[in-house]
Each structure stands twice: as structure tokens, then as C-alpha cells.
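The values are calculated or read from the model by the stated rules, or taken from the named source; none is laboratory data. Just so you know, these numbers come straight off a predicted model, no measurement behind them. A quick note on method: Cβ atoms are made from the backbone with ideal geometry, for glycine too, and the neighbour counts reach across all protein chains shown.
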């Protein structure tokens, strides 16, 4: 009698399952590392405090709405400048101009509002091209006003 001892065949499946779980764990680890390193920049750092003051902002915007024909923000691409036009009766005013970049909070600019004859010109040569929101806040005759308008600065 010829008895040959043959080794049992090794199955491919334990190796395939092990390789699958190693590749899956590597993918999940890589994805988590990538997700943690993403910039989760909120629009503002004091976002929640701003929401609390929202009703005051609405009142200010409603007050400004009555002056809608007298308030304007225009961008002149050839001159690379923003012109802000305020009502003529608002002589002794104080306020600020906030150039807000929705895509990158690091590019935001805050300027003092100092109109001459009811208008102020802001040079935009150093601003990056793209969408900006010009937000103007001012106080005149003891009342606060607010106006904002999006503009697109060309490249």
C-alpha cells in the first residue's frame, strides 16, 4: 500500500480577509488624519455673541432702509476703488467700514468711516480678487445705521 501524505491546501481566504481589514484600517486612519487637519474656520470667532445681538442689528437695518435711495456702495474696476455714498444730512458721523471676505476670515479689513461731502473712497488694489461684502456702520444724530452690499473685485 502506497500512502502518500499530502499536505492540505492552504486557503486563500484568511489572507484576503486580513489584507482587507489592514487596508480598511489604513484608509480610516488616513481619512481621520486628513479630517482633523482641515481648517474648520467659523465665519467669526464670536459667532454666538453676534447671534444674541441680531435683533438690535435688525432694528438698525430697518432704520437704514428708509434711507435706501441715499446710501450706495459702488465698485469701480478701472479705478480699483470702492465708493461709499451716505445721506447728505448725516454730517457729524462716526463709524466703520468692514471689508468682509466670506471665504477667508484672515483677509477681513476694518477701516474708519471718514466721509468727505457724504462719500468715502477706499482703494482696493491690495485686496484679493473675488467676493467681498462691504459693511458700513455709522452713528448720526444719536441713531445707529447699517448698510451692507456684496461686491466682486476683479482680477
query = Among the residues of the range 75-86 satisfying the criterion of being farther than 15 Å from residue 129 by Cβ and in contact (Cβ under 8 Å) with a residue 40 or more places away in the chain, which is farthest from the chain's Cα centre (by Cα)?
reply = 86
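Conditions tested, residue by residue: (1) surrounded by 10 or more Cβ atoms within 10 Å (Cβ to Cβ); (2) within 17 Å of residue 139 (Cβ to Cβ); (3) not assigned by TED's automatic domain parsing to the domain that holds residue 142.
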| site | (1), (2), (3) |
| --- | --- |
| 34 | no, no, yes |
| 54 | no, no, no |
| 57 | yes, yes, no |
| 83 | yes, no, no |
| 86 | yes, yes, no |
| 94 | yes, yes, no |
| 100 | yes, no, no |
ask   = Could you say whether any residue in the range 90-106 is modelled with pLDDT of 90 or more and not in a strand (DSSP E or B)?
value = yes
message = Of all residues being free of Cβ contacts under 8 Å to residues at least 40 places away in the same chain and not in a helix (DSSP H, G or I) in the range 46-71, which is farthest from residue 99 (Cα to Cα)? Just the residue, please.
response = 66
request  = Name the one entry in 100, 146 that is in contact with a helix residue (DSSP H, G or I) (Cβ under 8 Å, 6 or more places away or on another chain) and either farther than 28 Å from residue 39 by Cβ or touching a residue at least 24 places away in the same chain (Cβ under 8 Å) (or both).
outcome  = 146
